[in-house]
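A.B. asks: One structure, pasted below without further comment.
The values are calculated or read from the model by the stated rules, or taken from the named source; none is laboratory data. Values in this document were obtained by computation on a predicted structure and should not be read as measured data. All Cβ positions, even for glycine, are placed from backbone atoms using ideal geometry, and neighbour counts span all protein chains on display.
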Amino acid sequence: MDAGPAPMASARASPFAAKGLSSHKTTAEDARFDVTPMVDLVFMMNIYFMVTWIGMALAEVDLPSARHCVPTDPEDAIVFTVTAGPGKGCTVYLGGVGPENALTGSEVDQKITSAVEAAQRDKKTTVMIKAERRVLFRDIAHLASVATGSTIKGMNLTLAVMEKD
């Protein structure tokens, strides 16, 4: 049986063969990336930031003194505390928070005005409103306008935000 002509050797040599190069592409080696220097750098950065953070946390903070405000003396003030109620409402307390201090009923505005007038007779000069941060501004503005209304003269108004959640 005749298998056909034998394969002929190429009569013409490859131009790469003369230079010692193969005409066939060789498979490239797997690319390797050494991450050891990067890991070292990350550890050094962690150490640097931890040391500087601890140094900053232990450093004394020299805050400037306030130039445009003074603290309110609680002895010279009548204090109203406002907490956020269910929904969009709020609860007003005369002094601290507690069921005995809550101003309730339909005549809350009248009770606030009466309390401020009584404080003014007791030589108190400031109305302080302490409110939770969830209390709406419109409720604070309403309370401020009632507490320093047209019948009350010469009272200062201060506002404070209670930062509890």
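A.B. asks: Is at least one residue of the range 155-164 more than 18 Å from Asp73 (Cα to Cα) and either within 35 Å of the chain's Cα centre (by Cα) or touching a residue at least 24 places away in the same chain (Cβ under 8 Å) (or both)? Spell out how you get there, then give the answer.
C.D. replies: First, the residues of the range 155-164 that are more than 18 Å from Asp73 (Cα to Cα): 163-164.
Still in the running and either within 35 Å of the chain's Cα centre (by Cα) or touching a residue at least 24 places away in the same chain (Cβ under 8 Å) (or both): 163-164.
Yes, because at least one residue in the range 155-164 is more than 18 Å from Asp73 (Cα to Cα) and either within 35 Å of the chain's Cα centre (by Cα) or touching a residue at least 24 places away in the same chain (Cβ under 8 Å) (or both).
A.B. asks: Looking at this structure, is Asp109 surrounded by 11 or more Cβ atoms within 10 Å (Cβ to Cβ), in contact with a helix residue (DSSP H, G or I) (Cβ under 7 Å, 6 or more places away or on another chain) and not β-branched (Val, Ile, Thr)?
C.D. replies: Working: surrounded by 11 or more Cβ atoms within 10 Å (Cβ to Cβ): yes; in contact with a helix residue (DSSP H, G or I) (Cβ under 7 Å, 6 or more places away or on another chain): yes; not β-branched (Val, Ile, Thr): yes.
When the stated conditions are applied, Asp109 passes them.
A.B. asks: Sticking with this one: Return the pairs, sorted by first residue and then second, in which the second residue is small (Gly, Ala, Ser) and at pLDDT 80 or above, the first residue lies in the range 71-83 and is farther than 10 Å from Lys123 by Cα, the beta carbons are less than 7 Å apart, and the residues are 6+ apart or on different chains.
C.D. replies: Correct list of pairs: Ile78/Ala115; Ile78/Ala119; Phe80/Ala147; Val82/Ala131.
A.B. asks: Let me ask something else. Out of the residues in the range 80-112 that are of a type in the set (S, T, N, Q) and either closer than 22 Å to Val161 by Cα or at pLDDT below 80 (or both), state the one that is farthest from the chain's Cα centre (by Cα). Even if it seems obvious, please write down each step before you answer.
C.D. replies: Step one: of the range 80-112, the residues of a type in the set (S, T, N, Q) are 81, 83, 91, 101, 104, 106, 110.
With either closer than 22 Å to Val161 by Cα or at pLDDT below 80 (or both) added as a condition, the list becomes 81, 83, 91, 101, 104, 106.
Details: Thr81: 24, Thr83: 21, Thr91: 26, Asn101: 33, Thr104: 34, Ser106: 38 Å.
Looking at residues that are of a type in the set (S, T, N, Q) and either closer than 22 Å to Val161 by Cα or at pLDDT below 80 (or both), I get Ser106.
A.B. asks: Something else: Being closer than 17 Å to His142 by Cβ, in a helix (DSSP H, G or I) and among the hydroxyl-bearing types (Ser, Thr, Tyr) narrows it down to one of Thr81, Thr52, Thr91, Thr113, so name that one. Break it down stepwise before answering.
C.D. replies: Values: Thr81 fails: in a helix (DSSP H, G or I); Thr52 fails: closer than 17 Å to His142 by Cβ; Thr91 fails: in a helix (DSSP H, G or I).
Criteria check complete, one pass: Thr113.
A.B. asks: Now for a separate question. Filter the range 121-139 for residues that are farther than 17 Å from Ala102 by Cβ and either in contact (Cβ under 8 Å) with a residue 24 or more places away in the chain or in contact with a helix residue (DSSP H, G or I) (Cβ under 9 Å, 6 or more places away or on another chain) (or both) and give the result. Working first, answer last.
C.D. replies: Quick first cut of the range 121-139, residues farther than 17 Å from Ala102 by Cβ only: 121-128, 133-134, 136-138.
Listed by number, the residues that qualify are Lys123, Lys124, Thr125, Thr126, Val127, Met128, Arg133, Arg134, Leu136.
A.B. asks: I'd like to check something: does the range 126-134 contain any residue that is over 17 Å from Lys88 (Cα atoms), among the charged types (D, E, K, R), surrounded by 12 or more Cβ atoms within 10 Å (Cβ to Cβ) and at pLDDT 85 or above?
C.D. replies: Initial filter on the range 126-134 (over 17 Å from Lys88 (Cα atoms)): 126-130.
Applying the additional criterion that residues be among the charged types (D, E, K, R) yields 130.
Still in the list and also surrounded by 12 or more Cβ atoms within 10 Å (Cβ to Cβ): 130.
Restricting the remaining residues to those that are at pLDDT 85 or above gives 130.
Taking every residue of the range 126-134 in turn, at least one turns out to be over 17 Å from Lys88 (Cα atoms), among the charged types (D, E, K, R), surrounded by 12 or more Cβ atoms within 10 Å (Cβ to Cβ) and at pLDDT 85 or above.
A.B. asks: With respect to Asp73, is the statement that it is surrounded by 10 or more Cβ atoms within 10 Å (Cβ to Cβ) and at pLDDT 75 or above true?
C.D. replies: Values: surrounded by 10 or more Cβ atoms within 10 Å (Cβ to Cβ): yes; at pLDDT 75 or above: yes.
Yes: the conditions hold for Asp73.
A.B. asks: Still on this structure: Looking at the range 89-116, I want the residues that are farther than 12 Å from Met128 by Cα and have a partner that is at pLDDT 80 or above and of a type in the set (Lys, Arg) with Cβ atoms under 8 Å, at least 6 apart or on another chain. Which pairs are those?
C.D. replies: Matching pairs, first to second residue: Leu103/Lys111; Gly105/Lys111.
A.B. asks: Step by step: first the residues of the range 55-70, then only those that are hydrophobic (A, V, I, L, M, F, W, C) and not in a loop (DSSP other than H, G, I, E, B), then the one that is surrounded by the most Cβ atoms within 10 Å (Cβ to Cβ). Which residue is that?
C.D. replies: Looking only at the range 55-70, we keep the residues that are hydrophobic (A, V, I, L, M, F, W, C), and these are 56-59, 61, 63, 66, 69-70.
Retained after the next criterion (residues that are not in a loop (DSSP other than H, G, I, E, B)): 56-58.
Values: Met56: 9, Ala57: 7, Leu58: 7.
Checking each candidate, the answer is Met56.
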